1. In what sequence, largest accessible area first, do 234, 87 appear using a 1.4 Å probe?
2. Just report the Cα centroid separation between the range 107-133 and the range 391-443, whole Å.
3. Once label points are set 7 Å from the Cα along Cα→Cβ at both residue 342 and residue 255, what is their separation, rounded to one decimal in nm?
4. What order do 302, 152 take when sorted by accessible area (1.4 Å probe), most exposed first?
5. From Cα coordinates alone, what are the radius of gyration and Dmax values for the range 365-443 in angstrom?
6. Roughly how much of residue 183 is accessible, in Å² to the nearest 10, using a 1.4 Å probe?
7. Would you mind computing Rg(Cα) / (2.2 N^0.38 Å) for the range 36-159, counting N as its residues?
8. Viscosity 0.692 mPa s, temperature 37 °C: give me the Stokes-Einstein translational D for the range 319-406 in µm²/s, with Rh taken as the Kirkwood radius over C-alpha pairs.
Amino acid sequence: MTALEPRDAEVTAAPVETVVAEPAEGVLGRTYRALSIGIVSVVLLIAFEATAVGTAMPVAAEELHGIPLYAFAFSAYFTTSLFAMVLSGQWADRRGPLAPLATGIGAFGAGLLLSGTAANMWTFILGRAVQGVGGGLVIVALYVVIGRAYPERIRPGIMAGFSAAWIVPSVVGPLASGTVTEHLGWRWVFVGIPVLILLPLGLALPAIRRMAGGPTDAEAAAEPFDRRRIRLALGISAGAGLLQYAGQELRWLSLVPALAGAALLVPAVRGLLPRGTVRAARGLPAVILLRGIAAGSFIVAESFVPLMLVTQRGLSPTLAGLSLAAGGLTWALGSYVLARPRLEPHRGALMVMGMVFVTFAILAAPSVLIAAVPVWTLAAVWAFGCFGMGVVISSTSVLLLKLSPPQEAGANSAALQISDGLSNALLLAASGAAFAALGGGSVGAAGHGAVESGAAAVHPGAFTAVFLPMAAVALVGVWVAGRAQPG
């Protein structure tokens with residue numbers, strides 16, 4: 001008897017007829033096929049945007065004479081997405097996920113078009129902010145759809161599909177974007193991506209309307225939005241933006257926006273994340289904290305890998321980017337492993353193992369600063385780290401839905417995404433400040449100008465100031481992973 005078969009299959013409904021158990025459907029079964037293809041297409045769209053737009057961004061900023069404002073093109077997306085995540089969670093819990101998902105996809109495409117047709121850098125940044133609203137609405141609504149439409153036994157499968165949707169964009173996206181930018185211009189990268197919206201709209205929205213479109217209780221009166229949580233969402237967005245701005249400027253005056261950002265963030269985080277998150281209380285709070293620790297430490301470290309390979313080992317930007325390409329495959333493999341039903345009883349131990357892999361990868365990455373260490377070593381250890389991330393990220397998503405009542409899935413999904421995004425911003429701001437203080441220059445200048453020129457002007461010690469603290473953060477995640485499973 002497998003985990004997918006009824007445990008009381010030997011019971012008969014009547015003395016004459018024998019009940020034959022129907023085979024359990026997977027994510028691509030007849031019931032779920034259209035929905036699965038549609039929502040994975042949405043993730044594919046987001047993945048192509050993240051990989052392709054990031055490649056074209058430096059050229060866009062240079063043409064628009066906006067290099068000094070370059071970092072705001074990223075922070076604008078992040079800060080507005082944090083607010084949209086909270087809004088989407090409330091919207092989906094009260095009215096169903098269909099409206100925030102459709103609105104988010106539309107805003108995502110509108111932001112791309114606004115940036116692609118921008119005549120100056122501030123309009124470009126405004127487009128990125130609109131994209132952030134769309135991205136925040138979409139990602140939380142997708143979690144609510146999964147929680148409502150899929151039975152618990154096949155949710156790991158759809159999460160593995162999400163990870164698999166990043167494989168092709170992670171390899172093809174930068175190359176395609178670089179080619180289009182070089183031969184047609186950066187604007188075509190932004191204007192062309194919205195065409196991909198048509199497929200998710202055509203496949204996902206009808207299936208969501210049919211299987212998960214309305215409120216949890218269709219007969220109950222719709223609850224009003226929680227204005228206090230909306231205010232806290234505005235506070236967390238503004239606070240994160242101020243801290244990011246302060247991290248880019250190594251001046252005493254930067255303490256003013258840093259303190260103001262912290263004053264906004266502390267009460268907002270306490271109000272938007274479940275009680276016990278900061279101390280890693282067992283169960284849901286530890287799941288949400290683990291998501292932030294894993295995503296923040298690994299993604300921040302990864303953002304400095306191409307720069308390290310270009311400035312310290314002389315690789316071209318293309319080869320430096322491709323050194324991380326295998327990680328997309330192993331990340332999806334980690335998610336696929338956790339989707340096997342027979343491994344469900346071992347999820348807790350596998351999450352701890354995943355964080356050990358992540359810690360090892362971050363700790364071993366700066367070994368390529370030693371000339372005798374082959375460059376391919378980094379690609380190998382990073383593939384291990386991505387496998388661990390696939391295990392951990394998939395597990396946190398599955399456990400979140402398992403531990404959330406249907407009427408709270410939106411709010412808890414928003415908390416998970418806030419933990420993910422906020423940790424990225426805070427750790428990046430801290431790492432960027434340490435990187436600049438130890439001879440790395442500003443993150444915006446060093447991270448892109450140096451890559452484009454290939455100049456080896458960055459001191460090697462600046463990279464150790466990034467990777468070693470991130471490895472320490474990941475090591476804390478090993479302990480938190482052991483508390484994620486409910487007692």
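1. Numbers: 234 95, 87 45 Å².
I get 234, 87, largest accessible area first.
2. About 24 Å separates the Cα centre of the range 107-133 from the one of the range 391-443.
3. 6.1
4. 152, 302
5. So, for the range 365-443, Rg and Dmax equal 18.0, 56 Å respectively.
6. Result for residue 183: roughly 130 Å² accessible.
7. 1.14
8. D = 238 µm²/s.
The values are calculated or read from the model by the stated rules, or taken from the named source; none is laboratory data. Here the structure is a predicted model, which is why all the values come from computation and not from measurement. Please note: Cβ atoms are built from the backbone with ideal geometry, for glycine as well, and neighbour counts cover all protein chains shown. Keep in mind that these areas ignore ligands, DNA and RNA; they rest on the heavy atoms of the full protein, side chains included. Shrake-Rupley method; radii C 1.70, N 1.55, O 1.52, S 1.80 Å.
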